[in-house]
Each structure stands twice: as structure tokens, then as C-alpha cells.
Amino acid sequence: MNGWRRLLRNRRTAVGIGVIVFLVTAAALAPLLASYSPSAQLDITSGRALPPSLLHPFGTDIFSRDLLSRVLYGARISLLIAFLSMLLSVTIGTGVGLVSGMFGGILDIVIMRAVDAALAIPRVFLLLVVLALWERVDVVGLITILGLTSWFGTSRIVRAEVLSLMQRDFIAATRSLGIGRGRVLLHHLLPNVIAPIGVTSTLGIGQIILIEAGLSYLGVGVQEPTASLGRMMQGGSSMLQTAPWISIFPGLIIVLTVIGFSMLADGLRDTMDPRTQ
């Protein structure tokens, strides 16, 4: 309880939480808040994008689709991909880090050298290569690919925490009592690495949103007709002088989301830092 109070007393963190709650709520309620279907072509005969108005607060794109509706559904897809990808990433990274740090020896060396090799490959390049081998990637496939390529850093953080914990007296006490490794891992090591995992995960969600938007902008992420913030920005990139709102509004949502998660991650790190308590 005191941790939450300290967290909310931090102005930046409070702003970050507010932004995240607002965006997540708006995305979750997209079917209720959106006035139109994200794929509905309201006036295809005109062939032009309409500027923001009372009828269309964010304007329309060149296919006469309501941008506010598309931004709401696009944010929904982006957040869903980010949350589920990070859940998969954290699950794998935590498991690998716990096993590597606890058992050590040859197993630890092999795992960490494999992680180092994976981290040496630029992530965007790796994603582009993997996605290029797929003819068409759906949302589930994109979540899987992003999750399977995001856990390397988490595993190193968890391993470092476990190596530190293994030197503590309470772990030595469990060994002297003959408690099995499985129980030590689940009941003593895992609860003590939750704090750094929380900070890493929160920051990672914002990073995945940026990566997903970039992949969709390049045409290898979320495919039409599914609404995507990155795809919307790409669709308006050639019309920045005549219809800038097509790219501006999706871009603003991406920026706000990333800033919100970054602020929250900073607040969690400060709150969990024993030197500030």
C-alpha cells in the first residue's frame, strides 16, 4: 500500500498512469465509442480525404474511412499485440534466467552465449528476415514473433538477480534444510525477481508498440483491412501537405502511449529502488 502511495505521489508516474488508463479504456471500449466501422467506406465516390469536423473529429482518409474509429481500433490492436507479446517474452525470459542463474555451470555458459549471439543481431533486421519468409502474417503470428524475439534482455536481468540472490543467507539456509531446487526457485527466487521484471516489462511494452508500428508502416506487420496505427501513418505519408491529419493523429497516439509506459517504468524503478526508501 505504501508502495502505491509513493508511486502515485510521483507526478510523472501519475501522468503516465493516467495516460495509460485513458488509452486502454478508450481502446477497450472501441466498439462503443467508434461511430463507424473502421473499414466502412462512407463516401467512396468522392475519392478525397475530409479534414477534421464535428461529424469526423479526426477527419477521414482517402478511402473515406473515419479516422477516429480507425485510431480507436488501431490502438486496440497495438495494445493487444504489445501486452500479449510482452507476456510471452517475460514468461520465456524469466524461465530461462531462473534456470541459468540457479543451475550455473555449463548450462549457464551455453544459455548465456546463445543469448549474447541473439542480442548481437539487430532486432529489426531479425524481425524483417523472419516476417519476409511469411506470405501473410496475422495478429497471432505477429504476437508470437515479437514475443519470441523479445526475451533475451529479460533473461539476462533475471539471471543477474538470481546470481545475487544465490549468495544471500536465506538461500544458504534453504539449502541447509534440504529444500529442493524446484521449491527454492518457485518460492524464494521467483518472488524476489518480480520487481525488475515489472520495470523491464513496462518499458518493453512501449518498445513493442513502436516496433509493431514500424513493421506495419513498412507493410510487413498488421495487414489491411485490420486497422493499425503504423499502417495508417504509412497511408498518409504521401499526403502530408494536403491531408496531414491522416498521419498526425495515429502518430500522436503512438507517442502518447510510449511516453505513458516510459513514465510508469521510471516510477516503478524509483519506487522499487531501496536507496529511495
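The values are calculated or read from the model by the stated rules, or taken from the named source; none is laboratory data. Please read these numbers as outputs of a predicted model, since none were measured by experiment. Note: ideal-geometry Cβ built from the backbone for every residue, glycine included; neighbour counts use all protein chains shown. Quick note on the areas: whole protein, heavy atoms, side chains included, nothing else; ligands and nucleic acids left out. Shrake-Rupley method; radii C 1.70, N 1.55, O 1.52, S 1.80 Å.
Here the extension length gained between Ala28 and Val140 equals 38.5 nm, from 0.36 nm per residue of separation less the Cα-Cα distance.
Once the Cα atoms of helix 123-132 and of the chain are each reduced to a long axis, what angle between those two axes, in degrees from 0 to 90 to the nearest 10, is obtained? That works out to roughly 60 degrees.
For the stretch 149-267, the dipole from Cβ point charges (+1 on Lys and Arg, -1 on Asp and Glu) about the Cα centre works out to 520 debye, to the nearest 20. Report the Cα centroid-to-centroid distance between the stretch 116-157 and the stretch 20-75 in angstrom, as an integer. Rounded to whole Å, the Cα centres lie 30 Å apart.
So with the 1.4 Å probe, I'd like the accessible area per residue for the stretch 22-100, rounded to whole Å².
Accessible area per residue: 47 Å².
Here the accessible area is traced with a 1.4 Å probe on the protein chains. For the chain, carbon and sulfur cover 66 percent of it. Between the residues Ile143, Val124, Leu256, the greatest Cα displacement towards the positive end of the dipole of the chain, with unit charges on the Cβ of Lys, Arg, Asp and Glu, is found for Leu256.
Helix 194-218 axis versus longest C-alpha principal axis of the chain: approximately 30°, rounded to the nearest ten.
Applying 0.36 nm per residue to the separation of Val129 and Arg168 and subtracting their alpha-carbon distance, the gain on full extension is 9.7 nm. Going by a ≥ b ≥ c, the root eigenvalues of the Cα gyration tensor, does the stretch 182-277 fall in the rounded group (a/c under 1.5), the prolate group (a/b larger than b/c) or the oblate group? Oblate, because a/c is 1.5 or more while a/b does not exceed b/c. Peptides 251-257, 92-98, 48-54 ordered by packing proxy, namely the average of other Cβ atoms within 10 Å per residue, highest first: 92-98, 251-257, 48-54.
Can you show me the helix-derived [θ] at 222 nm for the chain, built from DSSP H runs with n ≥ 4 at -39,500 (n - 2.57) apiece and divided by the number of residues, rounded to the nearest 500.
Theoretical 222 nm ellipticity from helices: -22500 deg cm²/dmol.
Figure the gain on full extension for Ser238 and Arg48 (residue separation times 0.36 nm, minus the Cα-Cα span) and round it to one decimal in nm.
Gain in length upon complete extension: 67.1 nm.
Across the alpha-carbon atoms of the chain, the computed radius of gyration and Dmax are 22.2, 79 angstrom.
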